[in-house]
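**Q** I have a structure I would like to understand better, so I am pasting it below and will then ask my questions one at a time.
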Amino acid sequence: MAIIFTLNGKSVSVDVDAQTALLEVLRNDIELNGPKFGCGLAQCGACAVLLDGRSVRSCVLPVSAAAGKSVTTLEGLGNASDPHPLQSAFIEEQALQCGYCTSGIIVTAAALLAKNASPAEEDVKKELSGHLCRCGAQARMIRAVMRAAAQLEGSES
């Protein structure tokens with residue numbers, strides 16, 4: 001069955017079983033490396049992507065749920081020559097170690113900043129609380145999100 005959705009700003013069509021996990025399609029069929037397989041149970045956040053601007057766990061979401069919608073992965077936020085402020089802030093704050101959880105955390109933070117351009121630190125902590133990071137970089141990640149928020153707020157003035 002062909003499923004059509006917008007991925008990182010471009011229309012894509014995949015011919016897969018409608019119940020195939022979106023994560024499997026993104027990684028195996030489209031060959032994106034941003035979203036990761038972590039737990040497979042929507043508990044760790046490594047697979048998070050944006051679906052119409054909302055952070056979702058793609059490991060348990062059937063690809064059919066993306067039909068006619070917009071999916072954004074880390075690759076769709078920015079690139080090396082034009083990074084998203086969150087991507088730049090994560091680098092500047094050295095907010096990653098192994099990097100396995102980073103993609104999901106950044107896209108979830110992007111969803112937060114899209115709905116709340118000036119979050120309090122507690123808002124960031126709450127939003128990212130469902131993401132597991134075993135490297136101990138959480139404090140730097142929160143600083144990175146706050147830095148990106150300040151940068152985005154400054155660019156909108």
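**Q** Restricting to the range 111-130, what's the tally of residues that are modelled with pLDDT of 95 or more, assigned to a loop (DSSP other than H, G, I, E, B) and surrounded by 14 or more Cβ atoms within 10 Å (Cβ to Cβ)?
**A** Summing the residues that are modelled with pLDDT of 95 or more, assigned to a loop (DSSP other than H, G, I, E, B) and surrounded by 14 or more Cβ atoms within 10 Å (Cβ to Cβ) in the range 111-130 gives 1.
**Q** Same structure again: Can you find a residue that is of a type outside the set (D, E), surrounded by fewer than 20 Cβ atoms within 10 Å (Cβ to Cβ), under 22 Å from K126 (Cα atoms) and at pLDDT below 95 anywhere in the range 81-99?
**A** Yes, because at least one residue in the range 81-99 is of a type outside the set (D, E), surrounded by fewer than 20 Cβ atoms within 10 Å (Cβ to Cβ), under 22 Å from K126 (Cα atoms) and at pLDDT below 95.
To keep it simple, each residue is scored yes or no on (1) of a type in the set (K, R); (2) within 25 Å of V25 (Cβ to Cβ).
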residue	(1), (2)
L41	no, yes
N79	no, yes
C101	no, yes
V107	no, yes
K115	yes, no
Q138	no, no
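**Q** Next question, about the same structure. From the list T73, T108, pick out the single residue that is among the polar types (S, T, N, Q), out of contact with any Lys or Arg (no Cβ under 8 Å at 6 or more places or on another chain), crowded, with 19+ Cβ neighbours inside 10 Å and not assigned by TED's automatic domain parsing to the domain that holds D15.
**A** On inspection, the qualifying residue turns out to be T108.
**Q** Any idea how many residues of the range 79-107 are free of Cβ contacts under 8 Å to residues at least 12 places away in the same chain and outside any loop (DSSP other than H, G, I, E, B)?
**A** Summing the residues that are free of Cβ contacts under 8 Å to residues at least 12 places away in the same chain and outside any loop (DSSP other than H, G, I, E, B) in the range 79-107 gives 1.
**Q** Can you give me the number of residues within the range 8-29 that are within 20 Å of L50 (Cβ to Cβ) and either of a type in the set (D, E, K, R) or touching a Lys or Arg at 6+ places or on another chain (Cβ under 6 Å) (or both)?
**A** The qualifying residues number 4.
**Q** May I ask you to verify whether G68 is in a helix (DSSP H, G or I), among the small types (G, A, S) and out of contact with any helix residue (DSSP H, G or I) (no Cβ under 7 Å at 6 or more places or on another chain)?
**A** no
**Q** Right, another one. Going by the structure shown, is I105 touching a strand residue (DSSP E or B) at 6+ places or on another chain (Cβ under 8 Å) and closer than 14 Å to R143 by Cα?
**A** So I105 passes the test.
**Q** How many residues does the range 60-75 contain that are of a type outside the set (S, T, Y), within 13 Å of the chain's Cα centre (by Cα) and within 18 Å of I3 (Cα to Cα)?
**A** 1
The values are calculated or read from the model by the stated rules, or taken from the named source; none is laboratory data. Note that this is a predicted model, so its numbers are computed, not measured. FYI the Cβ positions are ideal-geometry reconstructions off the backbone, even for glycines, and counts take in every protein chain you see.
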